[in-house]
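Shown next, in structure tokens, is the structure this report addresses.
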Amino acid sequence: MLKKILIIVGIFIVGMASISLLNKSLDTDTAVANKEEQKPLFTKEELNFATLNMVAEKIHEIYEELEFGVSSNSETKLKIQVKENEEYFNSVKKDIESIAKSVIKSSALKDYTVVVERLDLSFITEEVNKELLHLTSTLMKGLKSFDVFEKINAEYQKSITIHTSIESSDKDAHKLALEIEEIVNEILLSKELNSLSYIDTYDIKILNTKGKLIK
């Protein structure tokens, strides 16, 4: 009789332990599921970049021939630089500012100060233009073997920005960026560019398909 009671008690304890483990497993699964549900679809940087693109697209819709750039920084400023003569710039400045404010008013950049300024390119001489053209065309030839390469922007004696189609989720993104940077450095030190002034002052930036810095 005692043996039978002990067996029954043992089965009861095992059953309770199984229920406890099952509940714990369900709690864990629920916690993981909740954690996954709470993960944002986009990062803050991606949302901000999308807003900047929207501002640029809206301005382009109205001023198709306008040459301009849109950027933001950590000082909560949204900057729009317009490459036009002073008279035309003054005639469109307020409208461009208004367009930008209307786009960001319902975004994460709603509290940003919109600054519209004229990009003064009077310092760029014909010689500088030739140097930049020679620099970018030489780099483009050297980078054409990379399928991810898209275009180059160069700021005189300051920076070289390589735009790529590298996805932010690509596990080899950093490796690809390093390979591109290595080739760029080799080209900069080549005989073909040794006639350029201050070639070693250029900062190399590699951007992914969203315009975010990889390297």
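The values are calculated or read from the model by the stated rules, or taken from the named source; none is laboratory data. Given the structure is predicted, the values throughout are model-derived calculations rather than measurements. Backbone-built Cβ (ideal geometry, glycine too); neighbour counts: all protein chains shown. Just so you know, the surface numbers come from the protein's heavy atoms only, side chains and all, with ligands and any DNA or RNA stripped out. Shrake-Rupley method; radii C 1.70, N 1.55, O 1.52, S 1.80 Å.
In the structure shown, the pairs K83/K141; K144/K191; K141/K171 are assessed against 22 Å; a Cα-Cα span above that value is assigned to K83/K141; K141/K171.
How far, in nm, would the chain grow between D200 and K212 when pulled straight, counting 0.36 nm per residue and subtracting the alpha carbon separation?
Values: separation 12, 0.36 × 12 = 4.32 nm, distance 2.38 nm.
Extra length from D200 to K212 when fully extended: 1.9 nm.
Placing pseudo-labels 7 Å out from each Cα toward the beta carbon at K110 and E97 gives an inter-label distance of 2.2 nm.
Compute the Cα gyration tensor for segment 88-144, then decide on rounded, prolate or oblate, letting a ≥ b ≥ c be the square roots of its eigenvalues: rounded whenever a/c is under 1.5, prolate when a/b is larger than b/c in the other cases, and oblate in all that remain. Judged from the Cα gyration tensor, segment 88-144 comes out oblate (a/c at least 1.5, b/c at or above a/b). The mean accessible area for residues of segment 85-215, using a 1.4 Å probe and ignoring ligands and nucleic acids, is 63 Å² per residue. Placing +1 on the Cβ of every Lys and Arg and -1 on the Cβ of every Asp and Glu, with no other charges, gives segment 105-215 a dipole of roughly 400 debye about its Cα centre.
Between segment 85-133 and segment 141-161, the C-alpha centres lie 23 angstrom from each other. Take the Cα of V128, step 7 Å toward its Cβ, do the same at E64, and the gap between the two points is 3.1 nm.
Multiplying the residue separation of Q157 and D170 by 0.36 nm and removing their Cα-Cα distance gives an extension gain of 1.6 nm. Applying 1/(1 + (r/R0)^6) with R0 = 45 Å to the Cβ-Cβ distance of K141 and E117 gives a FRET efficiency near 0.85. Summarise the accessible area of segment 152-215 (1.4 Å probe, protein heavy atoms) by the percent that is carbon and sulfur. Summing carbon and sulfur atoms, their accessible area is 47 percent of the total for segment 152-215.
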